[in-house]
Amino acid sequence: NAGVTQTPKFQVLKTGQSMTLQCAQDMNHNSMYWYRQDPGMGLRLIYYSASEGTTDKGEVPNGYNVSRLNKREFSLRLESAAPSQTSVYFCASTGTGGYGITANYGYTFGSGTRLTVV
Amino acid sequence: GENVEQHPSTLSVQEGDSAVIKCTYSDSASNYFPWYKQELGKGPQLIIDIRSNVGEKKDQRIAVTLNKTAKHFSLHITETQPEDSAVYFCAAPRNSGYSTLTFGKGTMLLVSP
């Protein structure tokens, strides 16, 4: 019953450092997403992966890279962290995404990674 | 792309009262509207959703209504309880391709005993 697991839960970085946020799901979902949450801004899409082997940019991709390592895992990398990337990062997955009326938006979210860049 | 506006940003009610949160969207082609509940320190959790072929959906004390003409949808919580205290987010499809969502900015609901 793990669902979506994110590691680490908390992280403090210095400006310019790099790190990778890990996400894994055990629900055999095809589609995975990375969102960031900032006070008063709601959730904004960074990158997503419709299926294994594909990735696409969301609303706020600058400064990030992603890797869909396999069907279970979708990682988010900050190559050179900046204070503007201080945020709470959420990974989510859904069974099978799609287009129009066939799209499946029933996301399962992880518990988040709280990242502070100083 | 889709733009979702959510009001109010904070809402305080007494236990047993009803609470209503409203969202508007911009893209008339949007066809799916979920609501998520986020408790402190946790990720958002889907609590109810509605597709554009129905006007209302209920699940015990929560309901969602949709007005396609006016392009707005609302979350209704009746007989509120302290455990309903959380941040609630509405969302709509980004409509830029795959199944991605645009979220509202959230409503912090506080239910006082």
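Here, each number is a calculation from the coordinates, and none is a lab measurement. The structure presented is a predicted model; accordingly, all values stated were derived computationally and were not measured. Using ideal geometry, Cβ is built from the backbone for each residue, glycine included, and neighbour counts are taken over all protein chains shown.
Report whether or not B:Val111 is hydrophobic (A, V, I, L, M, F, W, C), touching a Pro at 6+ places or on another chain (Cβ under 9 Å), buried (at least 17 other Cβ atoms within 10 Å of the Cβ) and more than 30 Å from A:Ser31 (Cβ to Cβ). The answer is yes for B:Val111.
Here the strands (runs of 3 or more DSSP E) wholly within the range A:15-89 that include at least 3 residues being of a type in the set (A, V, I, L, M, F, W, C) and surrounded by 13 or more Cβ atoms within 10 Å (Cβ to Cβ) are A:19-25, A:42-49, A:74-78. Residues of the range B:96-108 that are polar (S, T, N, Q) and either surrounded by fewer than 19 Cβ atoms within 10 Å (Cβ to Cβ) or assigned to a helix (DSSP H, G or I) (or both): B:Ser96 alone. In the range B:32-44, the condition of being over 14 Å from the mean Cα position of the chain (by Cα) and among the polar types (S, T, N, Q) is met by no residue.
For the range A:1-14, filtered to residues that are assigned to a loop (DSSP other than H, G, I, E, B) and either in contact (Cβ under 8 Å) with a residue 12 or more places away in the chain or among the charged types (D, E, K, R) (or both), the residue that is surrounded by the most Cβ atoms within 10 Å (Cβ to Cβ) is A:Gly3. Restricting the search to the range B:2-58, which residues are in a loop (DSSP other than H, G, I, E, B) and of a type in the set (A, V, I, L, M)? The answer is B:Ala29, B:Leu40, B:Val54.
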